[in-house]
Amino acid sequence: MKDRPALAFSLRLSRARDESSSLDVQLRACRLKAEAMGFDPSTIAAAEVHAYIDEGVSGGSAIESRGGMARIMEDRPLVVIAWKLDRFARSVLEFHKLMSWADESGVRLVTSDGLLDTADRSGTGRLIATIIAAVAEWELSIITDRSTAAHEERRTQGRWISGKAPWPYVMERRDGKAYLAEDPEAFALCRKAIDALLGGGTLAGTSEPLPIKRAQWRKLLRGVMLRGWRTHKGKLVTEEDGVTPVQFGPEVIDAATYARVQARLKELEAGERAERRDAPWLAGLVQCRCGTNFVGGLSSRKKELYKGSCGHGSIMADRIEPAVWEAFLEKFGDEPVYEVTYSGGVDHSAAIADTEAARDRVLEAISKVDGPSVATLTEKLTELEATRARLLAEHSPALTVHRRPTGATLGQVWPGTPPEEQRAMLRERGCRVTVFPAGHPGGRLRIEWDTSAVDALSRPSGTGDADVRLAA
């Protein structure tokens, strides 16, 4: 059976920045109390080294849910010293739970300030301890209410409450208060990744150059942080009118781009042009002669290959990929590379969506209030309807795409192009690779192209540039 420690120090700290009750302060008080109780230096030193610590843990939480306290309950030291009673618990229920466990386990609980010592079996001592626990619980509720109110006030002011600023923002202090501000390099990197995503990339491909993981990238794109907004308990943080979003920081992307990102995410989730995490270079472009797709895999020697989902065989990646590369350069290598810009067009679709969402929030608020507030909300609703009508009247999203030659050719830029962008080029040109069995008279591969979409875009408009009018 494991020997029970003779002495243990129980330390708990809710916030690391609370210097008045720091772990060092608590440990010093526990050591002095142990010396006063007559423990020898070696026992005290062992208790210091093996102190049971709960850092960043509220005193109102269940005792068994705390790592340090759970180990105390497992090791059952003969004496446990804490700085003050509220280090053990800030809840009467949890305090009584701890006292009952200590009585059953033969553990003596002591506080360095002398207000608790369970060796004192008198009713008075236990009564005082219970009263102190109740006061501690009351203090916790006051602190919680005050903290909640302070956080709510900061949210309505657009201030950053606590912790590290979310990427791609940085925290900036103005008049002693924290706000989110632009990190120019991070904003540029984020926008570049979003451009790649909207250009046909995947979440995995666009998250690789970022300092956050793919799951965080997905969450960032799905949320409202890129608009400079925040949610609290699942709801958008708004101003007092319950409609206008509180601006916590500058926009990374505008409403129109945000709407396009959401559409792209839905497209990927639905499986349209989406690949597996380990998708090979030609994912979605290779098919068997029977029409079923080839997927990526590994040979018995751990080399990449493409294998038919129909079971009709496989072909090594180092055979098929160079052939497609060579065929692409042979057919399209001399094509000029264009710089694409846009002009004209007034796309208010995202702004209209924002206005309609605000209108819905107003209607929901009207259904829940009475009195003068109804008149204020009705006036806000009238303003929103007028704004929506104006946006609809101006909405004309057709625009002209200008394609200006850069002086480079596809053959020149192809080798240095990232795999995701190479795959997008192959898709744009309708690349389709059909695999036949070994010994087929026409060879194992047939590489075909459907350039109708590219031809339509690059058809000259008569001005010498490839300008194309696009409808919404």
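The values are calculated or read from the model by the stated rules, or taken from the named source; none is laboratory data. Please read these numbers as outputs of a predicted model, since none were measured by experiment. All Cβ positions, glycine included, derive from the backbone under ideal geometry; neighbour counts span all protein chains shown.
Some values worked out for this structure:
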| read-out | value |
| --- | --- |
| Some residue of region 193-210 being closer than 30 Å to Thr378 by Cβ, modelled with pLDDT under 85 and touching a helix residue (DSSP H, G or I) at 6+ places or on another chain (Cβ under 6 Å) | no |
| Complete set of residues in region 324-349 that are modelled with pLDDT of 80 or more and in a helix (DSSP H, G or I) | Val324, Trp325, Glu326, Ala327, Phe328, Leu329, Glu330, Lys331, Phe332 |
| Some residue of region 433-443 being at pLDDT below 80, in a strand (DSSP E or B), among the hydroxyl-bearing types (Ser, Thr, Tyr) and surrounded by 15 or more Cβ atoms within 10 Å (Cβ to Cβ) | no |
| Any hit, region 402-410, residues being at pLDDT below 85, within 28 Å of Ala256 (Cβ to Cβ) and under 33 Å from the mean Cα position of the chain (by Cα) | no |
| Pair list, Cβ < 9 Å and 6+ apart or interchain, from region 253-267 residues that are of a type in the set (Phe, Trp, Tyr) to residues that are at pLDDT 85 or above and surrounded by fewer than 18 Cβ atoms within 10 Å (Cβ to Cβ) | Tyr258/Val224; Tyr258/Glu251 |
| Any hit, region 93-113, residues being among the β-branched types (Val, Ile, Thr), touching a helix residue (DSSP H, G or I) at 6+ places or on another chain (Cβ under 6 Å) and at pLDDT below 85 | no |
| Residue within region 36-52 that is in the same structural domain as Ala89 (by TED's automatic domain parsing) and under 21 Å from His96 (Cα atoms) present | yes |
| Members of region 314-337 found to be out of contact with any strand residue (DSSP E or B) (no Cβ under 9 Å at 6 or more places or on another chain), over 18 Å from Pro280 (Cα atoms) and exposed (fewer than 12 other Cβ atoms within 10 Å of the Cβ), listed by number | Glu330 |
| Selection count where residues are in contact (Cβ under 8 Å) with a residue 40 or more places away in the chain and either in a loop (DSSP other than H, G, I, E, B) or surrounded by fewer than 21 Cβ atoms within 10 Å (Cβ to Cβ) (or both), scope region 74-88 | 5 |
| Whichever residue in region 444-472 is over 30 Å from Gly311 (Cα atoms) and assigned to a strand (DSSP E or B) and, among such residues, is modelled with the lowest pLDDT | Leu470 |
| Candidate set from region 209-243 (those that are assigned to a helix (DSSP H, G or I) and of a type in the set (D, E, K, R)); member that is nearest to Glu182 (Cα to Cα) | Arg227 |
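Here's the yes/no breakdown for (1) more than 18 Å from Ile447 (Cα to Cα); (2) of a type in the set (Val, Ile, Thr); (3) free of Cβ contacts under 8 Å to residues at least 60 places away in the same chain:
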position: Thr292; (1), (2), (3): no, yes, yes
position: Leu298; (1), (2), (3): yes, no, yes
position: Gly308; (1), (2), (3): no, no, no
position: Ala323; (1), (2), (3): no, no, no
position: Glu326; (1), (2), (3): no, no, yes
position: Asp354; (1), (2), (3): yes, no, no
